[in-house]
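Derivation of every value follows stated rules applied to the coordinates shown; laboratory data play no part. Just so it is clear, the structure is predicted and the values come from calculations on it, not from any experiment. Counting neighbours? That spans all protein chains shown, and the Cβs are built from the backbone with ideal geometry, glycine included.
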There are 2 protein chains.
Amino acid sequence: MPEIEPATGGPEEPPSAHRGLTVSTGLAGLSLDAMASVAYGPEAIVLVLAAAGSAGLGLTLPVTLAIVVLLAVLIASYRQVIAAFPDGGGAYAVAKKHLGRRTSLVAAASLIVDYVLNVAVSIAAGVAALTSAFPALLPYTMWICLVVLVGITALNLAGIRESARAFMAPTVVFVAGILVVIVAGLLRSAPEVVETGAAVATESRTIGILLLLKAFSSGCAALTGVEAIANAVPSFERPKVRRAQRAEVALGVLLGIMLIGLATLIGKFSVHPIDGTTVLSQLTEAALGHGIAYYVVQFATVALLALAANTSYGGLPTLTKILADDNCLPHRFAVATPRQVYRYGVLALGVCAAVLLVASGGNMNALVPLFAIGVFVGFTIAQVGMVRHWLLAGVGGWRLALNGFGAVLTFGAAVVTTAMKFTAGAWLIVLVLPLLVLAMERVRRTYGRIDTRRGIGCVPAQPQATGTVIVVPVSEVSELSREALSAALSLGHDVVAVHVCLPGENTTLFTKAWAAWHPEVPLEMIDAGDCTVGGPVARFVRDNFDGRRKVVLIAEVDPPTGWDRVLPSHRSDELERQLRRLPDTVVCHLRVQAA
Amino acid sequence: MPEIEPATGGPEEPPSAHRGLTVSTGLAGLSLDAMASVAYGPEAIVLVLAAAGSAGLGLTLPVTLAIVVLLAVLIASYRQVIAAFPDGGGAYAVAKKHLGRRTSLVAAASLIVDYVLNVAVSIAAGVAALTSAFPALLPYTMWICLVVLVGITALNLAGIRESARAFMAPTVVFVAGILVVIVAGLLRSAPEVVETGAAVATESRTIGILLLLKAFSSGCAALTGVEAIANAVPSFERPKVRRAQRAEVALGVLLGIMLIGLATLIGKFSVHPIDGTTVLSQLTEAALGHGIAYYVVQFATVALLALAANTSYGGLPTLTKILADDNCLPHRFAVATPRQVYRYGVLALGVCAAVLLVASGGNMNALVPLFAIGVFVGFTIAQVGMVRHWLLAGVGGWRLALNGFGAVLTFGAAVVTTAMKFTAGAWLIVLVLPLLVLAMERVRRTYGRIDTRRGIGCVPAQPQATGTVIVVPVSEVSELSREALSAALSLGHDVVAVHVCLPGENTTLFTKAWAAWHPEVPLEMIDAGDCTVGGPVARFVRDNFDGRRKVVLIAEVDPPTGWDRVLPSHRSDELERQLRRLPDTVVCHLRVQAA
């Protein structure tokens, strides 16, 4: 997952008092979601190829090699991004600088989608690793996913974060575990344990170019997160650029080795997809047996995936904060709690991920196909931005060519992924991305109109008093009415009381009581056409008092607790709703507390 | 389902211009949910007795006979209620008159629960009849239930209602169909079609008194709705009491015949519960074969159950309206649309039924156990109220004895049902009933305090003006600030502008702009401890201006559409939230429209 403006938050941010990231802590802090994607990437390939039987599964390695080639190009491209943008910055920042507002919003939308998907996929994959180890938990998959999600969301709402250093141990255990699985598996002539579950039923298919493209686009999910280091260069220790570049290359090498190694094992042990057991779990069993080592690898996988989900909680609220500051999202997203938590961003992330988990039933393989599109859209925009960067800087040659090649390749991958996965759920992303962009543009436009109306920047004319009439809706003769009229008289001499006669009401009761009281305020009785008071009062205020400033004073009893607030206010709500539309009208609320 | 105040609405209300109900239209309009309960009552018995195998199922008839005896007592009791309360009135009305407020709230709560359950159970049973006829629809049970629910709710929100006459045809077809099934089944020596689905797995159990009590309490669901006629006496044609009594007896006879007939057939064809096929569907197949007649009966069942669900939409919103008028529910429940729809009541009913349907997965047999408790609580309260009625009227003898006997019997049934069904979901009702009563009492208390504070009934003192200070929070120097200060100066001479300095803000920018403008209004700069403006402004207003009336004027730009309203207002929201707690403070909003 890309990290936006690493200096402002996020789990990978080192406390500024501490030293910056080294190559290894950077790798742990920034790349754990890239690493974590080996837990679902290879499985996504196997699931597709299984449709063509054993012959299909034999193609796992070639497909993986193609993906690793793409990985190599991406890593080389991002080494350049690191050199060119030593201040960091995600696809959004690059696009905002080089490709204009609209493109930057597309980048932002794709980032938002990916942050949300990263949470859902990581949690689903982590729980899949757990249920593979403990099949008894399988029926509760979705509920476990939701409990984990609520837990992570709650921790982040409370502002509890870990430093990059804390991520070292699980990352090391996980990578070491996967490497041990690969080595042990390669040394072993026959699998230690063969999983005997029922194979996932798939329609049999011949091997064709379509199937290979499908497998390729599924496996591309393994590439998510390789851009995170490039986004967070300022977090590294000096020399920042060199260290970041080394970490990027190390990530590429490690990820490549793990992917190729696992693909080789899949071919060697002819692993086929089994319902309820992940491919990684099968490989671990085959290589290490069903002993303590198996559980260590599974638990490391679960832990790493939970941390991978957690990284989105550093990234998305920071991104939405930047977008809110840029007027592209409601300003609420920019409001931080005293513990520097952007509550709306965290909550929005949790809710969206929950919807995805519930809709997919917590099934990781249903979510993975949604993933790659947004990632490749982001990749492509970043690469195109880099091409423009080199052109503007007058730098040509291999740098330009490499980013150009990267852009073409990732754009191709985006198209292939979308086409291949369209019916498997990618349509949702194809729908959501433009909607998000449109929504953000609309928000921006509205804020623009509001700012125009506020008229900031010029020295305004002097404020001046005008004649004022104060209208007080009165529903009964009571102590509350007295307080309302007192407040109105304190605001001006020209006070009018208004009583709305509801259908079926006996108005003589009211007029008698008013006559008995006879405050020195004129009373207007107006007829309500229906059972509402808001409309008649608004019409009365609108149609009278031309040229004067109109003030409507609404008195109400405020119940002591928030819970009770639904109780008395429906008349005030009606008035408020109707009156706020009137031009040049001030609506005042006098709220007295209930005893 | 009981109908409250039939004269104010509900499907069984005859348009007042038309003639009243006859025995037959009354039976159709008021009793279709009682009739409809034969679709799930007998099945509930069979489900319990199946635990004891064929021997257990042989006891279906005796258990049904016990239920029919209870039915006879109820019918006899309600004949008396009709005579004693010729103005109608449900358990709530009876209890309010004779048993005090608390008891009447218990009755109201049990009615609310039953209205909601009636919708959920009727829809689930109707969809079960549908999926029995078309097993291909079985996987979509819950979704079909929700579609039906949304449809019925939408029709009622739009204010579209049917007269009692429209209910005649489906009721006649349904009752005739059931009777034909019974007669044909009794004449046939062997079942025409034997359902071959897998029997529902149940742990084997010996026949004991517990099992019989359980079967009895399950079957009591068939008694729901027998009180509806007694609640709607004024809707009948003259002589109202005689016609209503005849309709009540006719209902009892019809319901008794159907229950006994179906129970006999269940024994004769040794029907056992099958997943995905209702008992009624099995009986129809066994008696009439799987031909056109079968589909006619199934469709009549579906139609009748949909109408039965619809009756709650006449009853519950009327009940909640009465409760709101009695200050026991928020007054919003008493607000009618121009088409006389109590929108909040209809929506609340739809939402609660949707929750039940989703939670049960649309499974009628999971919902039926919740049903009987509320019904028997209502029955018992009505009977006890009648006993008190006779005692107060000085009438003793057999009338008193009959209602007393009915009260004891229904109270016993309530206890048995609760105990037997506690773990099967009745705990939910045991939890919800008192919570509802407590909530309604709390609402009542709060309205009481609000009314006390309003001080209605006495002639208040004369309203008087006091010295006023007007505080205007200003975040920037802009056209909007000018308008805010102009409005403030129109309201009084003593105006103070307040600027909250947020952390990290460069205040010199603001003070320079202010100096350049220099409006003739004093400016106070206050420091915000955190990132909020609400708290500091509220503290400033509270701690200054002793003895004067305080008015805070908030200016904001109102976006053109409702959708955009989430955008700009978080600062105003903050101010509003903090300021509404201050005593004697008027909060004014000047809202200008965005271009």
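From its DSSP helices (H runs of at least four residues, each -39,500 (n - 2.57)), the protein assembly as shown gives a residue-normalised ellipticity at 222 nm of -20500 deg cm²/dmol. Around the Cα centre of the range A:468-593, unit charges on the Cβ atoms of Lys, Arg, Asp and Glu (plus for the first two, minus for the last two) sum to a dipole of about 300 debye.
Highest average first, the peptides B:118-129, A:382-393, B:492-503 ordered by how many other beta carbon atoms sit within 10 Å of their residues are B:118-129, A:382-393, B:492-503. For the residues of A:518-525, the average number of beta carbons from a partner chain within 10 Å of their own beta carbon is 1.
Each of B:333, A:376 was scored by other Cβ atoms within 10 Å of its Cβ. Listed from fewest to most, they are B:333, A:376.
How big, on average over all directions, is the shadow cast by the Cα convex hull of the range B:357-514, in nm²?
Value for the range B:357-514: 22.0 nm².
Computed packing ranks the peptides A:34-43, B:577-586, A:68-77, B:101-110 as A:34-43, B:101-110, A:68-77, B:577-586, most packed first, by mean other Cβ atoms within 10 Å.
Compute the whole-percent fraction of alpha carbon pairs in the protein assembly as shown spaced more than 56 Å apart.
Numbers: 259883 of 707455 pairs.
The share of Cα pairs beyond 56 Å in the protein assembly as shown comes to 37 percent.
Kindly put A:518, A:272, B:331 in sequence by how many other C-beta atoms sit within 10 Å of each C-beta, fewest to most.
Details: A:518 10, A:272 21, B:331 18.
Fewest-to-most Cβ neighbours within 10 Å comes out as A:518, B:331, A:272.
Straight-line cross-link partners of residue A:214 among the lysines, defined as a Cα under 24 Å from its Cα and at least 8 positions apart when in the same chain: A:268, A:421. Of B:553, B:477, B:593, whose Cα points farthest to the positive end of the dipole of the range B:468-593 (charges on the beta-carbon: +1 Lys, Arg; -1 Asp, Glu; origin at the Cα centre)? Farthest towards the positive pole: B:553. Sorting B:396-405, A:521-530, B:260-269, A:416-425 by average packing, meaning the other beta carbons within 10 Å per residue, from highest down gives B:260-269, A:416-425, B:396-405, A:521-530. For chain B, the list of Cys residues with no other Cys C-beta under 4.7 Å reads B:145, B:220, B:328, B:352, B:458, B:501, B:531. The range B:490-527 and the range B:453-479 have Cα centres lying 23 Å from one another.
Shielding of A:484-496 by partners, i.e. mean partner chain Cβ atoms within 10 Å per residue?
Numbers: counts 2, 5, 8, 9, 3, 6, 12, 10, 5, 1, 0, 2, 0.
Whole-number average of other-chain Cβ neighbours for A:484-496 is 5.
The residues A:468, A:380, when put in order of fewest to most other Cβ atoms within 10 Å, stand as A:468, A:380. Taken along its three principal axes, the alpha carbon spread of the range A:468-593 comes to 41, 34, 32 Å, from the longest extent down to the shortest. For chain A, what number results from the quotient of the Cα radius of gyration and 2.2 N^0.38 Å? In units of the 2.2 N^0.38 Å rule of thumb, it is 1.26. In the protein assembly as shown, taking the dipole from charged Cβ atoms about the Cα centre, the farthest positive-side position among B:544, A:531, B:289 is held by B:544. Have a look at B:209, B:463, A:330 and report the one farthest towards the positive end of the charge dipole of the protein assembly as shown, computed about the Cα centre with Cβ charges (Lys/Arg +1, Asp/Glu -1). So the residue we want is B:463.
Note on chain B: with charges restricted to the Cβ of Lys and Arg (+1) and Asp and Glu (-1), its dipole about the Cα centre is near 1840 debye. Measuring between their Cα centroids, the range B:107-123 and the range B:214-232 lie 12 Å from each other. Here the dipole of the protein assembly as shown is about 220 debye; that uses its Cα centre as origin and unit charges on the Cβ of Lys and Arg (positive) and Asp and Glu (negative). Amide H to amide H, with H built 1.01 Å from N, residue B:456 comes under 5 Å of A:479, counting only residues 5 or more places away or on other chains. Partner lysines whose Cα lies under 24 Å from the Cα of residue A:550, excluding those fewer than 8 positions away in the same chain, are identified as B:550.
Per residue of A:444-451, count partner chain C-beta atoms within 10 Å of its C-beta, then hand back the mean as an integer.
Working: counts 0, 1, 10, 6, 2, 7, 12, 5.
So the per-residue partner count for this stretch is 5.
Helices meeting the span-like rule in chain A (full DSSP H runs, Cα extent of at least 20 Å along the helix axis, mean Kyte-Doolittle score of -1.0 or higher): A:60-84, A:100-133, A:141-157, A:168-187, A:240-268, A:292-325, A:343-360, A:364-393, A:397-421, A:427-454.
For residue A:503, the distances from its label point to the matching points in the remaining copies are 5.7 nm, ordered from shortest, with each point set 7 Å beyond Cα toward Cβ.
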